[in-house]
Amino acid sequence: MYDVFVVGAGPAGASAAMFTAKAGLKTLMLDSGQGVTRRAFMKNHYGASNITGPDLVETGKRQAVQLGAEVMDGKVSSLRKTDSGIELILDNGAHYEASQVLLCTGMWTDVAEQAGIQTQAGTEPRIKSIIVIDAQGKTSMPGVWAAGTAAGVSMHTIVTAGDGARVAINLISELKGARWVDHDVLPTEK
Ligand SMILES: Cc1cc2nc3c(=O)[nH]c(=O)nc-3n(C[C@H](O)[C@H](O)[C@H](O)COP(=O)(O)OP(=O)(O)OC[C@H]3O[C@@H](n4cnc5c(N)ncnc54)[C@H](O)[C@@H]3O)c2cc1C
C-alpha cells in the first residue's frame, strides 16, 4: 500500500513525486512513455537554459528517485475506489493500492474518464479535455488529485512543474494536518 501514486512522470508528475517522497510519503510514480515533453527543446525554462525535453524528463525522474520515490514504466488502464484507498490496474494486469492518487497525465484524460472522474473540454491550445479540479487540485473522486496539463494549466514546463509541486504540497498538507513547507538551507561556511 502506497501513500501516493503519481500517474505520469513528465514535469508535473516528477515535480510532485519529488515533494511527496521528500515529505516521507511512500510514493510510486508510473509512466507509459507517451510524454510530449520528449519532443521539446526549452529555451524558456527558468533556471535551466536551453535544456532538451528528454534531459529535463530524465533529470526529473532521477531527482524523484534520489528523494525516495519509486519510479516504474507502465500504463494505468483503470482506477477505482476501495474501502482502504484507491486501486490502480495496469494494462499488464498488475494491481496497486494507494491512499492518494495524483493524475499528471498530460494530454490524456482517458484514465480519469474511465473511472467516472469529471472532465471537461480543454481551454489551452491543442488540449481536447482536462480533469475538473477544485482550487486545491482535488478531482470529483475523493483521494484523487490532478495537476499539470491534465488539470488545465498552461502547457509550459515551468508552469506544469510548478503546478505539480503546488498540488503535491496541498496533498501533503492535508495528510499531515498542517501547511507543509519544504526548505533546505545553504550550509554556512565554517
Ligand atoms: C513539440 C513541443 C515543444 C514544446 N516546447 C516547449 C517549450 O519550448 N517550452 C515549454 O515550456 N514547454 C514546451 N512544450 C510543452 C511541454 O513539453 C509539456 O507539454 C508540458 O510541460 C506538459 O507537462 P505535463 O507533465 O503536464 O505532461 P507530459 O509531459 O505530457 O507528461 C504526462 C505523462 O503522463 C504519462 N501518462 C499519460 N497517461 C498515462 C497512463 N494511463 N499511465 C501511465 N502514464 C501515463 C505520459 O506517458 C507522459 O509522460 C512543448 C511541447 C511540445 C509537444
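Values in this text are rule-based calculations from the coordinates and carry no lab data. All figures in this text were calculated on a predicted structure; none of them were measured in a lab. Here Cβ is always computed from backbone atoms with ideal geometry, including for glycine, and neighbour counts include all displayed protein chains.
Computed on the chain, with alpha-carbon pairs under 8 angstrom and 6+ residues apart, the relative contact order is 23 percent.
Taking amide H positions as modeled 1.01 Å from N, with prolines and chain starts lacking one, the residues under 5 Å from S77 and 5 or more places away or on another chain are I89, L90, D91. In the chain, helices alone account for a calculated mean residue ellipticity at 222 nm of -8500 deg cm²/dmol, with every DSSP H run of four or more residues adding -39,500 (n - 2.57). Residues considered: V36, V159, V65. Largest GNM mean-square fluctuation over the chain, using C-alpha springs under 10 Å, is found at V36. About the centre of its Cα atoms, the chain shows a dipole size close to 340 debye [charges on the beta carbon of Lys, Arg (+1) and Asp, Glu (-1) only; nearest 20 debye]. With the highest mean first, a sort of the peptides 15-23, 104-112 on other beta-carbon atoms found within 10 angstrom per residue produces 15-23, 104-112. When both bridge partners sit in the chain, DSSP labels roughly 50% of those beta bridges antiparallel.
Between A48 and H183, what is the FRET efficiency for a Förster distance of 22 Å, r being their Cβ-Cβ separation, to the nearest 0.05? Working from the Cβ atoms, E equals 0.60. Between the C-alpha center of segment 144-172 and that of segment 10-35 there is a gap of 11 Å. Residue separation of T59 and N92 scaled by 0.36 nm, minus their Cα-Cα distance, works out to 9.2 nm of gained length.
Of all lysines in the structure, the ones whose alpha carbon falls short of 17 Å from that of K138, not counting any fewer than 8 places away in one chain, are K81, K176. Excluding same-chain neighbours fewer than eight residues apart, the lysines reachable from K61 by a Cα-Cα span under 21 Å are K22, K26, K43, K75. The relative contact order of segment 1-78 comes to 37 percent, based on Cα pairs under 8 Å that sit 6 or more residues apart.
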